[in-house]
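Input: a single structure, listed below in structure tokens.
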């Protein structure tokens with residue numbers, strides 16, 4: 001085993017000479033959140049152009065680097081470049097998922113991670129990040145009025161969500177039993193969608209934003225069956241969201257789902273159809289920026305039987321408690337639009353870290369042992385001073401803080417029935433105007449950070 005550890009160091013030196021996408025001074029002596037703090041801060045304050053200028057190449061590999069680019073370009077209204085970046089990320093994900101065997105390069109990266117830190121491992125995006133990748137690819141199609149392309153991405157996103165739910169079925173069912181034991185009433189959406197009623201845990205692994213957008217697009221495409229499936233899924237995740245409730249009941253009524261409609265009306269009351277003389281505005285309101293992972297370090301001295309030892313750094317990623325910025329309410333034609341939470345990305349990110357933490361800790365323990373074996377071998381055979389090795393160990397131990405850090409923090413929905421004609425959506429000091437015909441529904445998408453917002457709308461047609 002000791003030979004294997006020494007081989008890791010030799011391999012690492014070979015990679016230095018050969019070159020590697022993840023092998024940068026930043027990844028050796030720093031971590032992802034620190035290297036991308038300028039981008040994160042720029043997006044946090046709504047400086048989208050500055051964020052675009054701060055983007056780096058070859059920090060985390062083609063998946064995460066391109067997801068960050070796609071999101072920043074999208075916020076900066078550079079939709080062509082955004083779509084290209086998201087497509088590059090998607091292609092890289094497909095290549096990663098199609099890789100049937102462990103390649104020589106992957107073995108090299110694993111050995112390098114053992115000798116240095118986990119930033120040398122190939123980045124594997126979390127399920128919630130893959131869902132957002134397809135969601136934003138879908139939005140690039142919506143923005144270009146290409147509904148068919150958007151629906152393809154919604155289907156792919158739903159496949160990711162379904163896999164995530166099945167992978168965590170046991171945990172969700174355990175949480176459901178605990179809730180039932182505490183006498184909590186069941187979630188009607190979970191019943192209709194055949195989901196475990198797991199409370200906040202379900203919100204942490206299922207994306208209500210994705211389900212609601214997918215349902216809206218299916219409804220606009222007159223595919224009521226698929227729309228109803230996704231409305232029920234959204235209701236399971238966000239049972240108190242008024243837009244989800246109204247959409248679920250609206251489509252249940254049109255499909256003639258009498259038993260479901262009775263249950264829905266008993267819990268939520270009746271929903272009125274859109275009058276032919278009126279119009280509807282539905283708003284998807286992204287707010288803030290998801291938390292970035294911080295670094296937690298602890299120094300640990302290790303000694304052998306002869307009293308010789310070294311100081312090792314243990315570095316772990318964690319989310320610190322941070323205050324979320326507040327945002328002024330939206331208004332439509334001068335009237336305040338009530339907002340309802342549909343997704344909490346901070347919660348999803350925190351849940352993802354919790355799931356990964358046991359394996360992170362195990363690798364951390366293995367790396368401390370491996371570095372100690374390397375130190376002993378080098379100090380005995382090559383007469384290299386322990387002080388130099390200690391400095392190397394301390395500087396190179398960096399936590400793996402890689403995550404999609406330009407995603408929004410939370411997403412809210414709003415809707416209003418309005419008179420047809422010119423509409424004005426006010427976001428802070430910014431106004432957005434568009435025209436809407438009688439009987440039609442318009443989707444308004446906006447993402448706001450700091451005092452700035454990116455906003456656009458699309459016509460969804462006659463959604464009753």
If each part is reduced to its alpha-carbon centroid, the range 119-158 and the range 344-366 end up apart, in Å, by 23 Å
So residue 81 and residue 277, fully extended at 0.36 nm per residue minus their Cα-Cα distance, gain in nm 66.6 nm
Dividing the mean separation of Cα pairs under 8 Å (6+ apart) by the residue count of the range 140-247 yields a relative contact order in percent of 27 percent
Across 5 Å bins beginning at 0, the whole-percent shares of Cα-Cα pair distances in the range 180-273 come to 3, 15, 27, 25, 18, 8, 3, 1, 0
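Say R0 is 30 Å: what FRET efficiency, to the nearest 0.05, do residue 263 and residue 417 get from their beta-carbon distance?
Details: r = 25 Å, r/R0 = 0.83.
Efficiency, from the Cβ-Cβ distance: 0.75.
Would you mind ranking 64, 341 so that the residue whose beta carbon has the fewest other beta carbons within 10 Å leads the list?
Working: 64 22, 341 17.
Neighbour counts put them in this order, fewest first: 341, 64.
Order by neighbour count: 445, 404, 456, fewest other Cβ atoms within 10 Å first, most last.
Details: 445 18, 404 23, 456 15.
Going from sparsest to densest Cβ surroundings: 456, 445, 404.
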Per-residue Cβ contact counts at 10 Å, fewest first, order 417, 444 as 417, 444
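Here, each number is a calculation from the coordinates, and none is a lab measurement. Quick caveat: nothing in here was measured; it's all calculated off a predicted structure. Neighbour counts are summed over all protein chains in view; Cβ atoms, including those assigned to glycine, are modelled from backbone coordinates with ideal geometry.
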